[in-house]
């Protein structure tokens, strides 16, 4: 895991989850009355145990620092290390006795969708999200807030998607594109090492990527509506994989 990134976190929920997981924080700013509610108290208790400096400041100082909200009373500064090479991540997955389960995001445009996908990914057990190299880090205050900290907790790989597909195929990992012309997802065997490709909200999956996948799966829709929101589709498909894995293990 190479470079570290510095992230300002303004969500108490995200702060709490990341502190519980043992992430490294440089410092926490808080206004005086932030110490009163239970969630804040737990944040400060965890921070003190980890020797993270807690700096009391005025509401005016906090407001000047806030980027995405005007109501938060706590700001945490964290060192993000969520920046993986795919080969390193695969080694870690295999060493831990798990099977690869990836999501490939083909140039999604909306931060809210990306963050919602990462929250679902963490909940269902996805062990890697792969995206094209980004101008701005996907691990930001906004994605951390919307994903409840999952944007830092789900391993993130930034690399050329064609190269990623090549590496996945070399590791015998099935790659399925989510596309309306595909087979219904519930008729497909989704067990074992797998990656789902999810396309951009407006144009879907690029032609070059579509030509390199192992197959297409779809979520059947009623007449009159083309598709679900991409983050909703992610939830449907990832939990269907989980259901199939659980069913297979019971039958084994």
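The values are calculated or read from the model by the stated rules, or taken from the named source; none is laboratory data. Bear in mind the structure is a predicted one, so any value in this text is a computation, not a measurement. Cβ sites come from the backbone with ideal geometry, for glycine too, and all protein chains shown count toward neighbours.
Hey, among 214, 189, which residue is modelled with pLDDT of 95 or more and over 15 Å from residue 237 (Cα atoms)?
Values: 189 fails: over 15 Å from residue 237 (Cα atoms).
Result of the check over 214, 189: 214.
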* Structure fact -> Only unsatisfied item for residue 108, checking (1) part of a loop (DSSP other than H, G, I, E, B); (2) in the same structural domain as residue 190 (by TED's automatic domain parsing); (3) within 17 Å of residue 153 (Cβ to Cβ); (4) in contact with a helix residue (DSSP H, G or I) (Cβ under 8 Å, 6 or more places away or on another chain), is (3)
* To do: State whether one or more residues within the stretch 75-85 are over 23 Å from residue 118 (Cβ atoms) and touching a residue at least 12 places away in the same chain (Cβ under 8 Å).
  => no
* Any chance you could count how many residues in the stretch 19-36 are free of Cβ contacts under 8 Å to residues at least 40 places away in the same chain and more than 20 Å from residue 144 (Cβ to Cβ)? => 3
* Asked: in the same structural domain as residue 177 (by TED's automatic domain parsing), over 19 Å from residue 165 (Cβ atoms) and out of contact with any strand residue (DSSP E or B) (no Cβ under 6 Å at 6 or more places or on another chain): does that describe residue 61?
  -> no
* Asked: Residues 43, 55: which one is part of a helix (DSSP H, G or I), in contact with a strand residue (DSSP E or B) (Cβ under 8 Å, 6 or more places away or on another chain), farther than 30 Å from residue 236 by Cα and free of Cβ contacts under 8 Å to residues at least 40 places away in the same chain?
  -> 43
